[in-house]
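First up is the structure itself, then whatever we jot down about it.
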Amino acid sequence: MIGISACLGGVCCRYDGQAKEITALKKLVENGQAVLVCPEVLGGLPIPREPAEIRGGDGFDVWNGDAKVLTNTGEDVTALFKQGAITAYQKLVEQKITTIILKENSPSCGSKSIYDGTFSGNHRNGSGVATAYFIDRGLIVVSENDWETAIDRVK
């Protein structure tokens, strides 16, 4: 069994109230082979919600206290992002999940790329808040762009 970002599994939980469904991943959930998590919603953020980006670094920097997650209106939602990562991780561990496929560019789930914190649409290398937490605890994190490798890994 694997974990999957809920939006990739067809759940309309993104900040804009949309999903980014990948049909093959949704089928894994329907067949009982995957568990969906949305760290942002698990942290208490509403759907829809203001866009948020990490300012001052990436998810690892957030956990080190060197960066924050801010909305486009300047609201600090760092604590909610951190709580969501912790809650999502607990859910994954309860299901004995060791591999998770996450939504790239997300301030929670980006594994290789996140937005640069300026709300300009530009990206930077880095990991999201939940991704950093998962990696620090030994989960294997795979980008949605490489989801096939995750499926091969758990077969």
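Answer yes or no as to whether Ile151 is among the aliphatic types (A, V, I, L, M), over 23 Å from Gly17 (Cα atoms), more than 13 Å from the chain's Cα centre (by Cα) and not in a helix (DSSP H, G or I). No: the conditions fail for Ile151.
Quick check on the stretch 107-139: of everything there that is β-branched (Val, Ile, Thr) and within 13 Å of the chain's Cα centre (by Cα), which residue is farthest from Ile4 (Cα to Cα)?
Ile114
Going through Arg55, Arg14 one at a time, which residue ends up being surrounded by 21 or more Cβ atoms within 10 Å (Cβ to Cβ) and among the basic types (Lys, Arg)?
Criteria check complete, one pass: Arg14.
Of the listed requirements (1) in contact (Cβ under 8 Å) with a residue 60 or more places away in the chain; (2) part of a loop (DSSP other than H, G, I, E, B); (3) not aromatic (Phe, Trp, Tyr), Leu8 misses just one: (2). For the stretch 119-142, a tally of residues being part of a strand (DSSP E or B) and buried (at least 20 other Cβ atoms within 10 Å of the Cβ) returns 2.
Can you say whether Ile101 is modelled with pLDDT of 95 or more, of a type in the set (A, V, I, L, M, F, W, C), touching an Asp or Glu at 6+ places or on another chain (Cβ under 7 Å) and under 15 Å from Gly3 (Cβ atoms), as far as the supplied structure shows? Criteria met by Ile101. For the stretch 68-92, which residues satisfy the criterion of being without any contact (Cβ under 8 Å) to a residue 24 or more places away in the chain and closer than 19 Å to Ile140 by Cβ? Matches in the stretch 68-92: Gln90 only. All told, Asp58 meets the bar of being over 19 Å from Gly9 (Cα atoms), touching a helix residue (DSSP H, G or I) at 6+ places or on another chain (Cβ under 8 Å) and acidic (Asp, Glu).
The values are calculated or read from the model by the stated rules, or taken from the named source; none is laboratory data. Bear in mind the structure is a predicted one, so any value in this text is a computation, not a measurement. So basically every Cβ, Gly included, is an ideal-geometry build from the backbone, and we count neighbours across all protein chains shown.
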